[in-house]
Amino acid sequence: MRRDFCDGVGIARLLNATLVLPKFQVAAYWNESSSGFSDVFDADYFITQMNGFVNVVKELPPEISSKEPHRVDCSKRKGQFDYIEIVLPFLLKYHYVSITPAVSQRRDRYPKYAKAALCQACYRALKLTESLEKKANKLLEAIPKPFLSLHLRFEPDMVAYSQCQYSGLSPTSMKALEAARGDDRKPWTGEAARIWRNRGKCPLTPNETSFILQALSIPTNTNIYLAAGDGLMEIEGLTSIYSNVVTKSALLSGEDFETMHGNTKAALDYYVSINSDSYMATYFGNMDKMVAAMRAFKGLYKTLFLSRRAFAEFTSRGLEGKPLMEALWKAHKDDFIKGRGSALSDCFCEFKL
């Protein structure tokens, strides 16, 4: 949601349009009702910080508030000319458009004024609400220091979406996984499954994750904050090796945690991760890209993405034990020593804001 919103700011500046603070369609992520911008972010602070970059309003003006927006699918748009030539005419005609964000933006093609607006939004203007930031700081203070924030993705829906097969899962995990797969997410089989896995498409299990951490000589007494969603499967594969693992549900009081929505829980993980001593991720998804970019922007370079492809390739060759650990160390060595991996700012800020 943060990524799509930042893209929306850049597009609004490209079109010289006024941006209306959005409602987040959280049902697509957490099976909850929609959530307003102000439920997560400080709207007044955002509007003030964006002054001079793009005009932002909380609500539509009365003369068009009763109208449905003209919806424009921007999922195929890649650069400034796409938006100016195709989206702008609809904006001029209908005065109010709602866009479907693009899956892959070419922000490097934006003119500097649009890049500046996008950078300001992503890295300066988005601030959590006062109450949520207070809760995030409370969580941050409760985590034993120093600590590693680990974004581990092995929830049933995530594994089902990957269409990967796993052997040795517990009956409980298999039941949850079958329910998440339904009829339209059947796993690959045979040679197709092998090729898919060797392309790095399969999420690392907690057990595989702990093996890679050991290959990188991460001490087993390391304090680890588990930045993960609800329902993580096979977590014992990690906690049986790394015993100092803490979660937000354990550190926050039951009442605080139970009343929180999925997007506010994710905001806590994001806040902790951009302020952790180091950050590792088993996937390279939207949160990982945003966290890595913000950490790079803040000068925090202890960021690493564990390689699913390397693990799959080495195990498919029959490597195990010490030879597998040595191969995994070599695969991660350069990124591990540099301490930043692919953590480059996603919005190429080549100017002072």
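The values are calculated or read from the model by the stated rules, or taken from the named source; none is laboratory data. Remember, predicted model here, so these are calculated numbers, not experimental data. Reconstructed Cβ throughout: ideal geometry from the backbone, glycine too, with neighbour counts over all protein chains shown. The accessibility values were calculated without ligands, DNA or RNA, using every heavy atom of the protein model including side chains. Shrake-Rupley method; radii C 1.70, N 1.55, O 1.52, S 1.80 Å.
When only Cα pairs below 8 angstrom with a gap of at least 6 residues are kept, the chain shows a relative contact order of 18 percent.
Can you tell me the accessible area per residue over the chain, all protein chains present, probe 1.4 angstrom, in square angstrom?
52 Å²
Computed extension gain for Arg124 through Tyr45, at 0.36 nm per residue and net of the alpha carbon distance, reaches 27.4 nm. Comparing Phe24, Phe46, Phe90 in a Gaussian network model of the chain (Cα springs below 10 Å), the most mobile by mean-square fluctuation is Phe90. Within the assembled protein chains, the solvent-accessible surface assigned to Glu141 is about 150 Å², based on a 1.4 Å probe. Under a 5 Å amide H cut-off, with hydrogens placed 1.01 Å from N, Leu128 pairs with Asp42 among residues at least 5 apart or on other chains. To the nearest 0.05, what FRET efficiency results for Glu326 and Lys145 with a Förster distance of 45 Å applied to their C-beta separation? It comes to 0.90. Percent of C-alpha pairs per 10 Å bin in the chain, short distances first: 5, 22, 31, 25, 14, 3, 0. Estimated at 0.36 nm per residue, the fully extended path between Ser167 and Glu236 surpasses their Cα-Cα distance by 23.3 nm. For segment 100-201, the ratio of Cα radius of gyration to the globular rule of thumb 2.2 N^0.38 Å stands at 1.62.
Once you've got the Cα coordinates, tell me which of Lys298/Lys322; Lys115/Lys138; Lys135/Lys289; Lys67/Lys135 are over 26 Å apart. Listed pairs above 26 Å: Lys298/Lys322; Lys115/Lys138; Lys67/Lys135. Here is the P(r) of segment 107-150: all C-alpha pair distances, binned every 5 Å from 0, give 5, 18, 14, 14, 14, 12, 11, 10, 3 in whole percents. The angle between the Cα long axis of helix 206-215 and the longest principal axis of the Cα atoms of the chain comes to about 80 degrees, rounded to the nearest 10. Candidate cross-link partners of Lys58 among the aspartates and glutamates, defined by an alpha-carbon separation under 12 Å and a same-chain spacing of 8 or more, comprise Asp42, Asp44. Structure remark: mean-square fluctuation, Gaussian network model of the chain, C-alpha springs under 10 Å; the largest value among Leu150, Leu252, Leu118 belongs to Leu252.
Against the chain, whose longest principal axis is taken from its Cα atoms, helix 262-274 shows a tilt of about 70°. Taken along the Cα-to-beta-carbon direction at a fixed 7 Å, the label points for Arg185 and Ser66 span 4.3 nm.
Could you work out how far helix 2-14 tilts from the main Cα principal axis of the chain, as a 0 to 90 degree angle to the nearest 10? Between helix and principal axis, roughly 30 degrees.
A cut-off under 15 angstrom between Cβ atoms defines the neighbours of Lys93, and their net charge, with Lys, Arg +1 and Asp, Glu -1, is 0. Atom-type composition of the exposed protein surface of the chain places 51 percent of the accessible area on carbon and sulfur (1.4 angstrom probe).
Annotation: amide H-H contacts under 5 Å for Phe147 (H modelled 1.01 Å from N, sequence separation of 5 or more, or interchain): Asp277, Ser278. Grab the DSSP H runs of the chain that are 4 residues or longer, score each as -39,500 (n - 2.57), total them, divide by all residues and round the 222 nm result to the nearest 500 deg cm²/dmol. Dividing the helical sum by the residues of the chain leaves -12500 deg cm²/dmol. Per the Debye formula on identical point scatterers at the alpha carbon atoms of segment 209-290, with no solvent, log10 I(q)/I(0) at q = 0.12, 0.16 Å⁻¹ is -0.38, -0.68.
Note on Arg194 and Lys112: their simple-model spin labels are 5.4 nm apart, each label 7 Å out from Cα toward Cβ.
Spin-label pair Asn244-Arg317: with each label point 7 Å from Cα along the Cα-Cβ axis, the two points sit 3.4 nm from one another.
Amide hydrogen proximity for Phe24: with H placed 1.01 Å from N in the peptide plane, the residues at 5 or more positions away or on another chain lying under 5 Å are Ser35, Gly36, Phe37.
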